[in-house]
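The values are calculated or read from the model by the stated rules, or taken from the named source; none is laboratory data. Since we're looking at a predicted model, the values are computed, not measured. Quick reminder, even Gly has a Cβ in these numbers, built from the backbone with ideal geometry, and neighbours come from all protein chains shown. The area values use the complete protein model at the heavy-atom level, side chains included, leaving out ligands, DNA and RNA. Shrake-Rupley method; radii C 1.70, N 1.55, O 1.52, S 1.80 Å.
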Amino acid sequence: MLIVQKYSRIGPVDSRIGLIVFVVVEASAYLGWAVAPVVAGLSVGGIAVALAARPTIENVIGGLTLFADKPFRVGDLCRLGEDIGHIEEIGLRSTRFRTLERSLVSIPNADLAVMKIDNLGQRDMRLLHTTLGLRYETTPDQLRWVLDKIRGRLLAHPKASPDDMRVRFIGYGAYSLDIEIYVYLRCQTQRSFRAISEDLLLRILDIVNE
């Protein structure tokens, strides 16, 4: 009775577990039972279990972070580390994606949560950046005419963005007069980007031939 009164001041109802532990320890000491080693053993065992479960807990927390941030969705084309592929499954412990070589890679969510993720599937536009080399026999008037015609052709193309677009004579190459072509195309997928780029490059070739 004295023991209960001694520890009844610890806290309200939510401290019952602590009170019970203290009562057991005090009673055991009063009766001569050695429970301290048992409690210490339980503590060591609890630490061992916590350490063993740490990777799983980290992966689960990483998975919850991915679900909250939503850096990608199933089907998105992403660059994860050195690999590029399509996301196939977002699990609680790991995420799987199919590389361009068709291999299936599984990454623990704990690693993925701190990794740089480049979501290629969420691009609003794609950059076409190339250099056109004209022969040194090209006259200054011809060069000006080519520059003007290419700019007009890009501005008139429905898939070319006028923002940050540039067509400039940038210097003298080893064997050519170099023109830089820099334009964003309104597309997302690699297939559509290749098709639009091909169309523009053929139109530019027509201008040069003309």
- request: Return yes when D163 is without any contact (Cβ under 8 Å) to a residue 60 or more places away in the chain, over 20 Å from E180 (Cβ atoms) and not hydroxyl-bearing (S, T, Y) and no when it is not.
  value: no
query: Looking at this structure, is L104 free of Cβ contacts under 8 Å to residues at least 24 places away in the same chain and within 27 Å of E89 (Cβ to Cβ)?
result: yes
Hits in region 73-120 (condition: open to solvent by 20 Å² or more (accessible area, probe 1.4 Å), at pLDDT 80 or above and small (G, A, S)): G75, G81, S94, S103, S106, A110
query: Of all residues in region 107-116, which are in contact (Cβ under 8 Å) with a residue 40 or more places away in the chain and closer than 15 Å to V74 by Cβ?
result: N109, L112
- prompt: Listed residues E198, E210; which is modelled with pLDDT of 95 or more and either acidic (D, E) or at positive phi (or both)?
  reply: E198
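When you look at T139, is it open to solvent by 50 Å² or more (accessible area, probe 1.4 Å), out of contact with any Asp or Glu (no Cβ under 8 Å at 6 or more places or on another chain) and polar (S, T, N, Q), yes or no? Break it down into steps so the answer makes sense when it comes.
Numbers: open to solvent by 50 Å² or more (accessible area, probe 1.4 Å): yes; out of contact with any Asp or Glu (no Cβ under 8 Å at 6 or more places or on another chain): yes; polar (S, T, N, Q): yes.
So T139 fits the description; yes.
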- prompt: Looking at this structure, is I179 in contact with a helix residue (DSSP H, G or I) (Cβ under 8 Å, 6 or more places away or on another chain) and either closer than 19 Å to D124 by Cα or buried (at least 16 other Cβ atoms within 10 Å of the Cβ) (or both)?
  reply: yes
task: Kindly check whether there is at least one residue in region 185-199 that is within 30 Å of D76 (Cβ to Cβ), charged (D, E, K, R), part of a helix (DSSP H, G or I) and open to solvent by less than 90 Å² (accessible area, probe 1.4 Å).
output: yes
task: Output the strands (runs of 3 or more DSSP E) that fall wholly within region 65-176 and possess 2 or more residues being among the hydroxyl-bearing types (S, T, Y), or say none.
output: 94-99, 126-134, 160-172
